[in-house]
1. Which order do Ile340, Ile26 fall in if you start with the one that has the fewest other Cβ atoms within 10 Å?
2. Specify the longest stretch of the chain that does not include any exposed loop site, a site being one of the chymotrypsin sites (Phe, Trp or Tyr not before Pro) with a non-H, G, I, E, B DSSP assignment and at most 14 other Cβ atoms within 10 Å.
3. Within 10 Å, at most 14 other Cβ atoms, and a DSSP state outside H, G, I, E, B define an exposed site. Report the longest part of the chain free of exposed GluC sites (Glu not before Pro).
4. Does the range 265-351 come out rounded, prolate or oblate, given a ≥ b ≥ c as the square roots of the eigenvalues of its C-alpha gyration tensor, rounded meaning a/c under 1.5 and, failing that, prolate meaning a/b above b/c?
5. Show which lysines lie in cross-link reach of Lys27 when reach means a straight Cα distance below 20 angstrom and same-chain residues fewer than eight apart are skipped.
6. Does the range 87-218 come out rounded, prolate or oblate, given a ≥ b ≥ c as the square roots of the eigenvalues of its C-alpha gyration tensor, rounded meaning a/c under 1.5 and, failing that, prolate meaning a/b above b/c?
7. Given a cut-off of under 8 Å on Cα pairs at least six residues apart, what relative contact order in percent is computed for the range 166-320?
8. Considering the values [x] 1.02; [y] 0.94; [z] 0.99, which represents Rg/Rh (Cα atoms, Kirkwood Rh) as calculated for the structure under consideration?
Amino acid sequence: MYKLFIRPLFFLFDPEKIHHVTFALIKIACKIPGIPVVFRSLYELNDKRLERKVFGLTFKNPVGLAAGFDKNAVLYNELANFGFGFIEIGTVTPKAQTGNPKKRLFRLLDDQGIINRMGFNNLGVDAAIEQLKKNKGKVLIGGNIGKNTDTLPEKVISDYKIAFKKLHPFVDYFVVNVSCPNVGTFAKLQDKEYLLELLNELQKINKEFSTQKPILLKIAPDLNTIQLDEVIELVEETKIAGVVASNTSINREGIKASAAQLAAIGNGGLSGKPIKDRSTQVIKYLSSKSNKAFPIIGVGGIHSPQDALEKIKAGADLVQIYTGFIYEGPALVKKINQEIIGEAESVKAKI
């Protein structure tokens, strides 16, 4: 139904505008008695075989919603009815900011991808906290944090510390976003010393709380092996919980969109099917080279249950969807979980 009727209708409109319309429709629907139950019956799959214990947390299933969809934590309670094992809010910055000028979100229909240059548009950490105070405890929540665009280079680490400290009581884990291609920053993954300082500072704050929260680093799919080796070293040296692989890509190789179309769109981070293999290769390298020394959340181009299994077999402990959720619809979550159970049973039968 989604791909036959709802998606064609939604895709008639500007991507950013329809995103807000969708939020409003889901909000309204979930206020109607019985509708949340209907959503859960359609999309939720409760099975102990799906449960995962990762970086000290128990996930009811390994399929999450990636950051960027619910930036301001306004819809996570309703989205929990669609069967997610966890939902990542953000990217959240200390102060509210409008992000980059519109138009800044583009569909690549032939590629089943999206290019965005949103620029960390969000209402700020305090607004997110007010929303998170309404948490009904249906699903684990990750907090994706970043810096404000106008922050001076010498104050960047302070931005992350502010967001981290304020959000700490309200989220289950953190993702440090320094790999977004849409925000000008000196915080590049090539600068290992910068990241070492940043992550160590966050760990210091973490230890001030009675309960420490897992910290993960979100990395780009465009890193070379030398940079990936540095990521492995960073995880070991800072003792963070793991890595999210991967963010959007600035690479345009191998996509079907024409050069003219890409030129009209301009800069931005590419997500969806075109980055599937790249993100999987990053996961495989990190997992293999580190001898699976830390957990990995696999994200990038998951449009089918088979795509999710590829990530898991490559070394991902959990997976996240975003662009696939938009193109394939909410049924994708349940289909992935069904495939994971089926795969586990198949392996069990062979033993």
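Readers should treat all values here as calculations from the given coordinates under stated rules, not as data from a laboratory. Quick caveat, the model's predicted, so the values are computed rather than measured. Neighbour counts are summed over all protein chains in view; Cβ atoms, including those assigned to glycine, are modelled from backbone coordinates with ideal geometry.
1. So the residues, fewest neighbours to most, are Ile26, Ile340.
2. Counting only loop sites that pass the neighbour cut-off, the longest clear stretch is 14-185.
3. Formally, the longest exposed-site-free interval is 52-252.
4. Oblate is the answer for the range 265-351, as a/c is 1.5 or above yet b/c matches or exceeds a/b.
5. Qualifying lysines at Cα under 20 Å: Lys17, Lys71, Lys133, Lys134, Lys136, Lys138.
6. The shape class here is oblate.
7. 21 percent.
8. [y]
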